[in-house]
Amino acid sequence: MNNFGVIEVASQKTKNAPGWAYVPDTGLTPAAAAALQPLNRKRAARDKANVGAPDLTARQDAKIRKDLEALDKDSHRDAQIPIPPKAGGSRGALSSKLYTQKRDHGADMTSAWIAQNKHTPNVRKILQSQKTFANHLDDYHAFLALAESNPQLAAQVNKPTPTTTARNSPAPSTITTASTNKRSSAASKRAAVTAAAAAAAKEEKAGSSKRPKTQPQPKPAPADDDDDGDVEMTPETTEEATAAADPSELLPPRPDTSTPLDDSTTETTETEPPKPQSYPPDGTILPAYARPPPVPHPGDDDPLLVSRVPPFPTDEELRALMTAPPLSYTEARAQWTEEEEGRYPVRRFCEVCGYWGRVKCIKCGARVCALECLEAHREECLVRYGL
Amino acid sequence: MAGGGGGARKSRAAGPVPLTTTLVLDNGADTIKAGFVSDDKSDDKPRIIPNCLARDRHRKIYVGSELEKCKDFSEMAFRRPVEKGFIVNWEAQKEIWDREFFDDKAPNKCNPSETRLILTEQPNSLPSLQTHCDQIVFEEYGFASYYRGVGPVFNAYRDIQSISRTPQVSIDSPAEVILLIDTGYSHTTVTPILQGRPLHPAIRRLDVGGKLMTNYLTRLLSVRHFDMRNEPYIVNEMKEAVCYTSLDFKGDMEKTWKGTRGEKREDYVGGAGIAKDYVLPDSHTRFHGVVRDYEPGVSARARKTIVSTEDVLTLRNERFVVPELLFNPSDIGIRQPGIADLVKQSLLALPIGLWPGLLANIVVVGGNSLSEGFCQRLQTEILKRFPDECRVRVARPEDPITSTWLGAANFAKHEHASRLEVTKQEYEEHGAAWVARKFAAGLGLDS
């Protein structure tokens, strides 16, 4: 054993000296290797700078957020525009349905005029509400959170006014979307809400037995119409559906999973149901292509021109998709998935003229394109200290 | 409108006959599209009503279609009942509806107790807002029957194949398979539709719409030219007139760069076909802005003499940077994928076997799609994100703004409408929650 002449003195005592330590050197880790020799120097420099002094400092981040909020507003200043009084006096001719049910229109007008402010309690509440969309959204989220932590209470909150606040978060939502985990977790949260609310509404309807709680119970064939007055509930999205939507399948369809099609030109993809054979025998949701096939082409039999069409989803999958309940407002908002976030560098623009922002201002980090714009920027850079 | 008035009068004369008149209402954030459909006589196109209360600089207030009477749009302020695509402020919305449909002198007068209402809403609404809507429709107006449906889905009832110019023998109604992109005032949504049923798990939304783009243009102009922050109407007019979707963003960007200090770049001086002059309205002789070709020959001094009479803005990269937000929202720091990735995310939630059909039948509606080059750019961007073998077609109807209404008008005549509608009696019997559930469940499966 080559110990370079160092003789180890046996000792039970270990002492951690501050500042340095022996560590085993197991060769270069990929990360270390990349740090030593970056593939792309420019990019490495940029990334490194991000570690030390983040490109988006907290202040710039706050600025972006503020700017976006401003862009989202309807108007620059809050416009308080009152509803103008009606000229002529006769208003809200049909404001109360109680009066309009008379067929006599002459009487109708006068009585409606008297009853101008007679709204039903629900309507009055809605009209007087000054809530904004953000308020409604927060309410909804608060309700979801409440349902998650305390289903009983949430059910009670919902209970006293069955027709006003109503439990109309539409149907159970145990749908699992393959693309994001967030969506499915939020969906299960919503399922909890519906379950809670279903409990509240149990006495309201005898048919509540039809309401599945959250058991994944694939229904063979959902009731096909709503004539019976009850809503049709949805089984979970089948596993096949989610599996087929797996991102790894973004690659062109592989021959082993696809049914080769050799009866038409390369444009077969355009006519959506390509060939009856590619359907499951009971494919009834999307009927087979029954119209005359395209004009034969000499290249039809050419093996090089064969289109490969991915297997068509089964009726089960389609049924699950078509009867799935709507996502909630937040779930439907498109977001970058984790691996996509930051896949492409964010483009930066000159804050003065809008060309590429190649240069950063030393003081505030704002991007500008060249000297001329930098000078223009500097004039106001000092002023903007308090931003 | 004449057709509507006629229909209403007719049914009134006939007494309680089965409903023949339907009020089709596409209640957008910017404009309401409204018209009547009945068996014998229907409006073939909707009336477009601004959905706002507006106040001009003399503090006169205009409600809805009264805005047509307004001439001077400077310093116009707006109050809109629809927020993020959903009706939030019913006080204002009711006022506008009353004046347009229910008052004695309303232009589209109708008697709700004898009319069916078909109302569009944006996908993924909040339950509380949906309930409010149902309650107002039945308890306040007392419509005889009513259906509230997801707006984009109604487009399936149009003749989609003729929009994409496919020769065909018969017309499917509803269309078999569509991927509908609706890019409106509040946001942009992607909705895959199969046989007239939306595939809810795959609906995605991008929070970039016409409003955000107008505000962004306002900001750019305020930094570079004049303070336009109190002129939303004028800026919006300008946006509609000059903005286009760039097919070569980098190239256009180079062409509009002024260059480093002292440099005179030919493209910049000559305008490169991109620079345009926009003459602002002066509120005396001209009430609408005018687009002019950029004149490189006019020297700075000559311009100065003109400036005394008119305000001219030279627009360069502002023209294409604004619609670019739909494709790259990250340009202004919005952490969301662009419209092409939106399509991709939506399709990832679906079985791969549906992709070819959806990609070959992409239909774009909504006002933003009117920007020049939008469809072409969208098609190339989507093409890049999918396997080569998928054929991608992006089609835009001639009338992208009223397309949803036209679809809904066809829907009103379709048997699906009678299956989906809820009568007032049913509402009174079962309550708002039941109605909401019925609408959410939609058509069910049989076809």
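If you go through the range B:171-214 one residue at a time, how many are under 18 Å from B:Phe86 (Cα atoms) and part of a loop (DSSP other than H, G, I, E, B)?
The total comes to 8.
In the list B:Asp252, B:Asp267, which residue meets the criterion of being assigned to a helix (DSSP H, G or I) and crowded, with 20+ Cβ neighbours inside 10 Å?
Only one candidate qualifies: B:Asp252.
Of everything in the range B:405-415, what is crowded, with 23+ Cβ neighbours inside 10 Å and out of contact with any Lys or Arg (no Cβ under 7 Å at 6 or more places or on another chain)? Give them in sequence order.
Once the filter is applied, which keeps residues that are crowded, with 23+ Cβ neighbours inside 10 Å and out of contact with any Lys or Arg (no Cβ under 7 Å at 6 or more places or on another chain), the range B:405-415 yields B:Ala408, B:Ala409, B:Phe411, B:Ala412.
So which pairs qualify, if the first residue must be in the range B:374-385 and outside the structural domain of B:Cys243 (by the TED database), the second must be part of a loop (DSSP other than H, G, I, E, B), the Cβ gap must be under 6 Å, and the two must be at least 6 apart or on different chains?
B:Phe374/B:Thr245; B:Cys375/B:Arg396; B:Arg377/B:Thr245; B:Arg377/B:Leu247; B:Gln379/B:Val392; B:Ile382/B:Val392; B:Leu383/B:Val392
Quickly run through the range A:298-331 and pick out the residues that are of a type outside the set (Phe, Trp, Tyr), touching a Ser or Thr at 6+ places or on another chain (Cβ under 8 Å) and part of a helix (DSSP H, G or I).
A:Gly299, A:Asp300, A:Leu305, A:Asp315, A:Glu316, A:Glu317, A:Ala320, A:Leu321, A:Thr323
So, in the range B:394-418, of the ones that are under 19 Å from B:Leu199 (Cα atoms) and either within 12 Å of chain A (Cβ to nearest Cβ) or among the polar types (S, T, N, Q) (or both), which residue ends up farthest from the chain's Cα centre (by Cα)?
B:His416
Note down all Cβ pairs under 6 Å where the first residue falls in the range A:319-345 and is more than 7 Å from chain B (Cβ to nearest Cβ), the second is surrounded by fewer than 16 Cβ atoms within 10 Å (Cβ to Cβ) and in a helix (DSSP H, G or I), and they're at least six residues apart or on different chains.
Short answer, once both residue conditions are applied: none.
Scan the range B:36-82 for residues that are in a strand (DSSP E or B), closer than 15 Å to B:Asp98 by Cα and not hydroxyl-bearing (Ser, Thr, Tyr) and jot them down. If you could, list the steps in order and put the result at the bottom.
Within the range B:36-82, the subset in a strand (DSSP E or B) is B:36-38, B:47-50, B:53-55, B:61-63, B:77-79, B:82.
Next cut, closer than 15 Å to B:Asp98 by Cα only: B:49-50, B:53, B:62-63.
B:Ile49, B:Pro50, B:Leu53, B:Val63, listed by residue number.
When the residues of the range B:71-91 are narrowed to those that are within 26 Å of B:Phe287 (Cβ to Cβ) and within 7 Å of another protein chain (Cβ to nearest Cβ), which ends up surrounded by the most Cβ atoms within 10 Å (Cβ to Cβ)?
B:Arg80
Being within 14 Å of chain A (Cβ to nearest Cβ), touching a strand residue (DSSP E or B) at 6+ places or on another chain (Cβ under 7 Å), crowded, with 17+ Cβ neighbours inside 10 Å and among the aliphatic types (A, V, I, L, M) narrows it down to one residue among B:Leu445, B:Leu358; which is it?
None of the others qualify; the one that does is B:Leu358.
Could you please find all residues in the range A:287-316 being more than 9 Å from chain B (Cβ to nearest Cβ), surrounded by 13 or more Cβ atoms within 10 Å (Cβ to Cβ) and either farther than 20 Å from B:Gln195 by Cα or of a type outside the set (Ser, Thr, Tyr) (or both)?
A:Ala288, A:Pro294, A:His297, A:Asp300, A:Leu305, A:Val306, A:Asp315, A:Glu316 - these are the residues of the range A:287-316 that are more than 9 Å from chain B (Cβ to nearest Cβ), surrounded by 13 or more Cβ atoms within 10 Å (Cβ to Cβ) and either farther than 20 Å from B:Gln195 by Cα or of a type outside the set (Ser, Thr, Tyr) (or both).
The values are calculated or read from the model by the stated rules, or taken from the named source; none is laboratory data. All figures in this text were calculated on a predicted structure; none of them were measured in a lab. FYI the Cβ positions are ideal-geometry reconstructions off the backbone, even for glycines, and counts take in every protein chain you see.
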